[in-house]
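To start, the structure under review is shown below, and the notes come after it.
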């Protein structure tokens, strides 16, 4: 390989890296489905883009919290907490601006992950600063109570704004008096994605979207309990869990 080829390849590499950095800093909406290569290997089953994006956000938040906890345990510089916070919010911003169209309803996800991220950032940074000025254990407990109250207030606000006791699903199979319904990840309804069996109702045929009443189970999330309504217009399997004639 000659010097010209080496310089050309180096230039291509620099240009490609520059494009990726620019896209990360100034993301533009994408119509191409994300690849999710790592997540596909991790979960080892096929999910919809909505589920993959939701899973990516969950792992991102857990990783962010774990890194912050490590910084506090090691008593590392406060700068690390700031850098991790910036990295978290930039990645969350990138996901929502780049792939917003792949979420079934992006608004509650934005509020949740920005909100929890902000609460976590304030809590960890505040704790790191707070412990520099006092060693009294009672003050630490008082601070943790304040943080806990903040989390409860955010939880109340989120449920008031987005919370609901129903979700949508797609009928996948009919068996005697039961139907198997596929439900997407729905953070507003606190229901996990997957297949659920519910009692069959009239017109509940494969491919049709149904509105499902949810039963809230503490520490386990909500689960569909029965069908409230059947939308007679067929939908493509696992592509949408919301009817075309009704939106959130």
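The values are calculated or read from the model by the stated rules, or taken from the named source; none is laboratory data. Everything quoted here is computed from the prediction, not taken from an experiment. In this analysis, Cβ positions are derived from the backbone assuming ideal geometry, glycine residues included, and neighbour counts consider all displayed protein chains.
Quick look at the numbers
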item: Segments classed as helices (runs of 4 or more DSSP H), wholly inside segment 1-119, with at least 3 members that are modelled with pLDDT under 80; result: 3-25
item: Odd one out for residue 140, checked against (1) in the same structural domain as residue 89 (by TED's automatic domain parsing); (2) at pLDDT 95 or above; result: (2)
item: Number of the condition not met by residue 52 [criteria: (1) over 27 Å from residue 185 (Cα atoms); (2) buried (at least 18 other Cβ atoms within 10 Å of the Cβ); (3) free of Cβ contacts under 8 Å to residues at least 24 places away in the same chain]; result: (1)
item: Flag if residue 142 is over 18 Å from the mean Cα position of the chain (by Cα) and part of a helix (DSSP H, G or I); result: yes
item: All positions within segment 118-140 that are surrounded by 19 or more Cβ atoms within 10 Å (Cβ to Cβ) and within 30 Å of residue 183 (Cβ to Cβ); result: 120
item: The listed residue being closer than 30 Å to residue 70 by Cα, touching a helix residue (DSSP H, G or I) at 6+ places or on another chain (Cβ under 8 Å) and not assigned by TED's automatic domain parsing to the domain that holds residue 62, out of 187, 129; result: 187
item: Single residue of 172, 215, 205 found to be under 24 Å from residue 49 (Cα atoms), outside the structural domain of residue 72 (by TED's automatic domain parsing) and surrounded by fewer than 17 Cβ atoms within 10 Å (Cβ to Cβ); result: 172
